[in-house]
Amino acid sequence: LKNLILTTDTLHHKFFLKSIVDLTETIIIYETKKLKFNYKTFHKYKHQENEFEKKFFFENKIPKFRIKKFKDLNEKKAIQYIKKLDFDNIFCFGIGKLKLNFLSSFKDNKILNFHGGNPAFYRGLDSLLWAIYKNDFKNLYTCLHYVEDKLDTGNVIFKKKIKFDNKKKIYELRSINTLNIIKL
């Protein structure tokens, strides 16, 4: 099988890619747009998370991949480019919402999304953090689900519990989720 991976340029996504590129024929496309808010969203633990992932995943030797980049995967030029590719499945990990124009262009392909969180309770961005904020540790999951036009509503194919206890640091959460994704 030939898989198309839609993701972004972050350390944990690079580790995911490094873990699977030797196992399956893989085409990689990065989405480069950044979400902007009218308020501050940065927290100091993000620096800790970055440093932890460099050491944990790569021992500070970060791999490079041959990748095509698009600002927004819903753009016409991105869809046209992807239509020319030969692949069996599309896997999404950490990208923005795929809109109906994208989904309808690839309705003959399986489009699957790796989601950190239990989509029955937490959808969209930072779902694991919302579960922790609400002290809802029973809903810390990593899921693989089908993509639909509504955010994180597709049928769940696999679900794996995230083991996160009071001995773990918040900056380790994303790496634990990534390891679960690789297992899925």
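Brief remarks on what is shown
- In the stretch 132-169, the residue that is modelled with the lowest pLDDT out of those that are open to solvent by less than 60 Å² (accessible area, probe 1.4 Å) and farther than 16 Å from F114 by Cβ is F164.
- Lone qualifier among F121, F106, F114 - being surrounded by fewer than 17 Cβ atoms within 10 Å (Cβ to Cβ) and either touching a strand residue (DSSP E or B) at 6+ places or on another chain (Cβ under 7 Å) or closer than 26 Å to N166 by Cα (or both): F121
- Close Cβ contacts (under 6 Å, 6 or more residues apart or on different chains) running from residues in the stretch 1-14 that are closer than 17 Å to N109 by Cβ to residues that are of a type in the set (D, E) comprise L1/D88; K2/E25; K2/D88.
- Of the residues N101, N177, the single one that is of a type in the set (S, T, N, Q) and open to solvent by 50 Å² or more (accessible area, probe 1.4 Å) is N101.
- Per-region count, the stretch 14-42, residues of a type in the set (K, R) and loosely packed, with under 11 Cβ neighbours inside 10 Å: 3
- Residue in the stretch 57-82 that is nearest to the chain's Cα centre (by Cα), counting only those that are aliphatic (A, V, I, L, M) and modelled with pLDDT of 90 or more: L73
- Of the residues screened, K54 is not one that is in a loop (DSSP other than H, G, I, E, B), charged (D, E, K, R) and modelled with pLDDT under 95.
- Only helices (runs of 4 or more DSSP H) whose full extent lies in the stretch 69-184 are considered here, and the ones with at least 2 residues that are under 30 Å from F52 (Cα atoms) are 127-133, 173-183.
The values are calculated or read from the model by the stated rules, or taken from the named source; none is laboratory data. As the structure is a computational prediction, the values presented were derived from the model and not from experiment. As a convention, Cβ positions derive from the backbone with ideal geometry for all residues, glycine included, and neighbour counts pool all protein chains shown. All accessible areas refer to the heavy atoms of the entire protein, side chains included, with ligands and DNA or RNA removed. Shrake-Rupley method; radii C 1.70, N 1.55, O 1.52, S 1.80 Å.
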